[in-house]
Every structure is written in C-alpha cells, then in structure tokens.
C-alpha cells in the first residue's frame, strides 16, 4: 500500500510532495485505486465518496454521519461500480465491530445489536458517579481532555449513538432503517442525583442504543439512558470505553470492548479495512438493504421519570412516586420517548431512563 | 459445503449413509478436501490430524489439548502440504478470538493476551460468591449441569486455561512456548472464605491466564487465581462466560466476551473456520513459531496466601498477617508459583492468589 495523494486543509511535513490541490486531482489519478475519507460530516463527504465510487475507486471511511445518512446511496453506488466500501472505524472506534458482524452473519441469523457506543457520554456518566461530580463540571473536563467537542450536542443528545446503532442494525439485519425514526433521548439533563438514585439500588446509569429483530421481522431501535444492574456487563464499562454486542442464533451473545475513539485506535481500523479490500476485492459487509420501519411499540420497560411537573405524566404510565422521582409500569419505548421528547418543551429539565 | 463421511463411536439417524468404518476411509477419499476433528484428547487425534494434513486435506479442530501439545508439528505439516489448519473453537468456545488475533496482527504488534478462558471455573467462583456456597457444592452443581467433567481436574487445576493461553500467546506473538513451562495454579483449594476475604475489600476472585511480551522479546505466561477490583471488567464476568483480551500497539486493549463452551456456540466457530478456508485457501493464523522460553521472573505482584503452616512461607516474601491470611510484598510469579506448587506437598489445602 502506498499513500499517493492527500487532500487536507492543514498540510504538514509528512505530506510534502503528496498534497492534492482538489478532490478532482485524486479522482482523476488512475494510479489511485482506493480513497480514504476521514473529513467527517455529510457534505461534501458524500459528494467525494460518490465521485470516488463512480470513478471505480474503493472507499474506506470513518465517518458515521455520512454512512448513516446516505447508506442506501453508497451501497448502490459501490455495487453498480463493482468496488468495495468499508467503514469499520465508524462504529466502535478501535473495535473490530462491523467486520465481526459481517463474519457472524455467514453462520448465524443475528437478532440483536447494541450497547455503549459513545465514549464521551460513558466517560461523563462514569465520572459523575465515581467522583460525585455534576454534569456540567464533567462535561467541561471531557472537553478539556478532547473527548467532547466544543458543541457537545451530537454526543450528549445521543445523535452519535443513533447513527452507530443504525449502521450496526442495517449491517446485522440486512435492512435500511430511516434514521429519523430511531427514537433518541440523551443525557443533556442527567444530573448527579439521577446517578445516585440508581446507585442506591445497585444500578448504574448508562446511555446505550438497542436494536432487536423480532421473529415476525419487525425491528426496534432506540437510544436512551438506562439503569443497569451488576448482572449486565454493560454496567461495568469504565471511562471512554465502548461495549458493543450482537446476539446470533448459534453464537449467542458476543460482546466487544475497546476504546470508542482516539487517533491510533480509530486509524488502525481504517488500515484493517484497506487490508480487507486488498485481500478480498468487491467487499462490503452486506449487500442486503430491505427498507424497514422502526417498531418500538412492543418493547415494554419500566421507566424512571424526574420532572417538576407531575401533571405532565399521563395516567396510562401508572407512575408512582419513589424517592423523589417517579417510576412507571411497563410502558413501550415508542410511547415513552414520544412523550419525553414532547414534554421537554414544558419541562426543559425533564430526565427519563429505562430501568433495565 | 457438504458433510461426506463421519467417523464416530456413536451413530445416529442424521449420520445414516455417511458413516465411515475407519479414519483411513476418510483420508483416502479424494472427494474430501477438509477434515473436522472434534474428538478431543491428544491421541489418536494427533495421528488423525497428521494423516489428514499429509493427505493434503485442510484440518479444522476444536481440540485445544492436541493443538497445545503438538503446535509446532501441526504447523509444519500444514505448511509442507500447502493446506489450511484452523482451531478457532479451541480457545474461547463461541468467541471469534484467534481469528481476531490474526486480523489484529496485520496492523499491530500484540504485546499481551489473556483473560478468563474457562467457563467452568468462572461459573464455580461466581456462584460461590453470589450464593455464599462452598466449593464442593458448586462443583457438584456444575457437574450436574454438564459444565464440569466427572473428573474436573483439567478445569479446576488450570490445565485447560494453560492450553488456551499457550495457543493464544503462540498465535499473537508468533512464538512457540513449552507448555510445561507455563506455570499454573488452579482453584481446587479455593474456599468460600477466600472469595469473602476479597469481597470485603471490593475484590472479586477469578481464575485467569496472562501472557505478556516485553520490549526485550521475553514472554511471561502463567495461570493463577487473582483478586480483581471493579475497575477491571474481568471482575464483572458472570457465570460460564469468558472474557479474552489482547493489547496491540495501535488498537489498545480489545476484549471479547462470549460463552466459553457449549454445543452450538462452539460448533459455530468450526463452521466459521470452514468458511475461512473456502474463502482463503492456505490459511493459518500465523506461520511464525520461534521457540521461546517462559520468563515469569520479572512479573512482580503482591499475593494472598492461606496456609495453616506459616513456617512454610519464606522470609523473602515479607508476608504479613491480614484478616486470617497472609499478604506478601511484591513477589515474582516465577518464585511464588514454584513455591506454591512445591508447598502443596506439605499443606494440601494451601491456596494462593495474586492481588491484581
């Protein structure tokens, strides 16, 4: 493998003699057979990926936003042009996640994917509990350490996890979920008292994504805070680590733990993808992409609700006061997340979490 | 793929028309290109594997004993005959472990492998602590559930883990360790009071294997009980699950959790191996096998010692009485395990554990 041309806003000594003046220069260079896209964002990343595939160049990316938003288009383009597309670094950072889903699908039918898919929010929740620190304080620390962006919305509102969950479910189940339908509630409103409420009962607060394929073919997918007991290893994942897992017909539950981001951990998966393309041309995780709606109606869970506006809570939730907050009967993910997102307009400090 | 012939002591309806009268019948059938060996034990498994490789048939096995004992011979035979040898199911049961080591080695230098590699002993230690039950009672339960053999020695004395650790280290580091030099101490003498001593201090007793490659090229490898704090995810692995992990230069620590044994979980990895051979002929995890001694002298740890014979403990250990047992200063794995194995002759109830 040889790095022929680099298109970058910042140029350093290592790039000398290899910088490209434009994306076209790369697309039109016949000596380049593979393009690595690590610029992030949807535009112009998608246009560059599209152009590379149309020029019959393989594409490797670590950019989850563009894969989540343009999944169908990218797959169709890769297929039409007979080239490879891989994005292992886009989900789980350092973890060989999508490639193991791909392998497992050769033997198993996968029925569930999910886990802790964002190191920043796991770092925040872990630190809040272990150091009895408040959300704002720990978020600032995460920003100072470079774990969280200056605008942390994509992390703390769960958007980053939603994209990773969508890519995982699409790959594992051979489907194409509409991103907007993956219901999402983040930890922007999580406070130390929420963590402590759980800890008093042996439960740890985590932000996680879950997607399940039922026997009837319907697929649930959502991102939400969840209180987990010690019997779930997810509850033990520290700092900025991720735990992602799938369930298969024969392999059972397989879990993978590694750093969720970082320069070399992420870059190593980009290089793994490049080697996979060298070894197995025309490779993509799966070519199946049946359009599939999200069905969160049948996932029933008890929920934790913290609100100053008790009157907002529907009677159908059968919520009971419990140590300063409310705990509901089993309510569907669909109903609860619709209600919670809408209710933020009236109580902007509202916090909810599934009790797992 | 098609199953052509089956050699088995027990014949059932599914095998009808496909049973072989002898191993030779399989070896001499030119329509068979790959042999799966799942009989266990070293002899005659090794002779069958040897014969298959010499007949230029690929071999897939789930038999860790024969791989650990005959590693060099099997690799040389596979290489000479230009055929594949794979044994993913031999380590970690359901976990795609060796294949991920193989993939990681393409990009990283691996520097450590290990973890909880035996579901039976993890089940026993987990159950002792959570149910306040004594060793013998839980061992019997494990036997009744089919987790433990009638003669449980290979599990509870750590031999099973030693073999899996050896195969993992050989594959990850491209070396060949002498099996006898991998120092091993099991949990035959573990008692509820040992588990509780740890629990009182927030530590969980586990049986694990560890192998590390130092910068100078020396390799440590040992199996021992170890008390682990909550910050190590190993401490949270429940029941008959395994957690195996490697550390690489770029990927950092990658951990894999799954069931360590079981009919379908193990069989699925045999089928994965068969697909790998179909897709990539002449495949083995690594062809490197530099002979390498075990160096446990420089791994220094504090140790827990429970013995009724205080006089057995050397002064050099600087052991101090602590809540009914002894806790040493940092003593090398080499020195401690040599001493502990020898001291069992004088105190057959002696128990030791590293404090991790």
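In nm, what is the difference between 0.36 nm times the number of residues separating residue B:150 and residue B:290 and their Cα-Cα distance?
That pair, residue B:150 and residue B:290, stretches by 46.7 nm at full extension.
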Check: Looking at the protein assembly as shown, what % of its DSSP beta bridges pair antiparallel, to the nearest 5?
Finding: 75
Notebook entry, point to check: Nearest beta-carbon of A to the rotation axis carrying it onto B: which residue, how many whole Å?
Noted result: A:236, 2
Next item on the list: Please give, to one decimal in nm, the separation of the simple spin-label points placed at residue A:297 and residue B:323, each 7 Å out from Cα toward the Cβ.
Entry: 5.4
Check: Rounded to two decimals, what ratio of Rg to Rh does the protein assembly as shown give with C-alpha atoms and a Kirkwood Rh?
Finding: 0.98
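Hey, fewest Cβ within 10 Å first, where do A:350, A:177, B:145 land in order?
B:145, A:350, A:177
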Next item on the list: Just the ratio, please: alpha-carbon radius of gyration of the range A:80-149 over 2.2 N^0.38 Å, N its number of residues.
Entry: 1.57
Check: Using Cα pairs under 8 angstrom and six or more residues apart, how large is the relative contact order of the range B:21-103, in percent?
Finding: 26
Note to self: Distance between the C-alpha centers of the range B:207-268 and the range A:145-185? Whole Å please.
What the structure shows: 29
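Using only atoms on other chains, find how many Cβ atoms lie within 10 Å of each Cβ of peptide A:253-260 and report the average.
The mean count of partner-chain Cβ atoms within 10 Å per residue comes to 6.
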Check: Taking neighbour counts of Cβ atoms within 10 Å as a proxy for exposure, in what order, fewest first, do A:307, A:130 appear?
Finding: A:130, A:307
Notebook entry, point to check: Hey, how many Å between the Cα centroid of the range A:2-71 and the Cα centroid of the range A:289-303?
Noted result: 36
Checklist line | residue B:335-residue B:141 pseudo-label distance in nm [points 7 Å out on the Cα-to-Cβ vector] | finding: 3.9
Item checked: Residue order, fewest to most surrounding Cβ atoms within 10 angstrom, among A:156, A:313, A:74 -> A:313, A:74, A:156
Check: Label-to-label distances across copies for residue B:278, with labels 7 Å out along Cα→Cβ, in nm, shortest first?
Finding: 2.7
Check: Relative contact order for chain B using alpha-carbon pairs under 8 Å, separation at least 6, rounded to a whole percent?
Finding: 19
Checklist line | Tilt relative to chain A, helix A:135-144 - C-alpha long axis, 0 to 90 degrees, to 10 | finding: 20
Next item on the list: Could you work out how far helix B:333-343 tilts from the main Cα principal axis of chain B, as a 0 to 90 degree angle to the nearest 10?
Entry: 80
Next item on the list: Between copies, how far apart are the residue B:348 label points? List them in nm, one decimal, shortest first, with each point 7 Å from Cα toward Cβ, please?
Entry: 7.5
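Would you mind classifying the range A:32-138 by shape? Square roots of the alpha carbon gyration tensor eigenvalues, ordered a ≥ b ≥ c; an a/c under 1.5 is rounded, otherwise it is prolate if a/b is larger than b/c and oblate if not.
Oblate is the answer for the range A:32-138, as a/c is 1.5 or above yet b/c matches or exceeds a/b.
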Notebook entry, point to check: Angle between the Cα long axis of helix A:119-130 and the longest principal axis of chain A, 0 to 90 degrees, nearest 10?
Noted result: 30
Check: How far is it, in nm, from the label point at residue A:131 to the one at residue B:201 when both lie 7 Å from their Cα along the line to the Cβ?
Finding: 2.7
Margin query: If each label sits 7 angstrom from Cα along the C-beta direction, how far apart, in nm, is residue B:73 from its counterparts in the other copies?
Written below: 6.1
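All of the numbers you see were taken from the coordinates with simple rules; none came from a lab. For clarity, every value in this text was computed on a predicted model and none was experimentally measured. Reconstructed Cβ throughout: ideal geometry from the backbone, glycine too, with neighbour counts over all protein chains shown.
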